[in-house]
């Protein structure tokens, strides 16, 4: 019986050894699957971040500030979004027309006289805004993208002895992304 119990003991050890080997294979397989899943998730996350980064780089709104004397709005330079074409359209009722910006400046001279006529009869010292449609093209990764938006040119007037009213530009604000001439004209009429 001792030989038989030795055989049974060996069989039990072989069975335990086989169980340990199978468990090791299962653990290795689960570890391999987990590593593959982690890599797949990391690559999906990186792809989503790349897409979000590309969309963020594409997003750009023109920024600007009045010059020291208030005689123009100077559009800001952005190395990540170089501007190539800029066209400013004024409300039709104002009569200032459409102008192309060549030196990153929107001068007050483009609309000061029509604004003076439109505000005649009002107080000498006043503040207001003129909505303008700005169509612009900028580069992202050397590819041109076109966009348009309605901005406000905020002005202030003041009385001058013997020279009538003077105007100065005091702010430049994004009012509405998109838009067109009809929307611009409606904004002008609503403000006057």
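Every number in this text was worked out from the coordinates using simple rules, so none of it is lab data. From a predicted model like this one, the values you see are computed outputs, not experimental measurements. Note: ideal-geometry Cβ built from the backbone for every residue, glycine included; neighbour counts use all protein chains shown.
Here is how the numbers come out for the structure above:
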{"item": "Overall form of segment 99-148 per C-alpha gyration tensor (a/c, 1.5; a/b vs b/c)", "result": "prolate"}
{"item": "Separation of the residue 30 and residue 47 label points, Cα + 7 Å toward Cβ, nm", "result": "2.8"}
{"item": "Protection proxy ranking, peptides 95-102, 25-32, 168-175, average beta carbon neighbours within 10 Å, highest first", "result": "168-175, 95-102, 25-32"}
{"item": "With Cα atoms, 0 to 90° folded angle of helix 181-191 axis to the chain main axis", "result": "60"}
{"item": "Gain in span if fully extended, residue 100 to residue 59, counting 0.36 nm per residue against the direct Cα distance", "result": "12.5 nm"}
{"item": "Cβ-derived FRET efficiency at R0 30 Å, residue 156 paired with residue 87, nearest 0.05", "result": "0.70"}
{"item": "Cα centroid separation, segment 90-164 to segment 71-89 (Å)", "result": "14"}
{"item": "Spacing of the two label points (7 Å from each Cα toward its C-beta) at residue 17 and residue 77, in nm", "result": "7.8"}
{"item": "Angle in degrees between helix 2-58 and the longest Cα principal axis of the chain, rounded to the nearest 10", "result": "10"}
{"item": "Three-way shape call for segment 135-192 based on the alpha-carbon gyration tensor, with the a/c threshold at 1.5", "result": "oblate"}
{"item": "Contact order relative to length of the chain, as percent, for alpha carbon pairs under 8 angstrom and 6 or more apart", "result": "18"}
{"item": "Expected 222 nm ellipticity per residue - DSSP helices of 4 or more, -39500 (n - 2.57), all of the chain, to 500", "result": "-14000 deg cm²/dmol"}
{"item": "Computed Rg/Rh of the chain, alpha carbon atoms with Kirkwood Rh", "result": "1.60"}
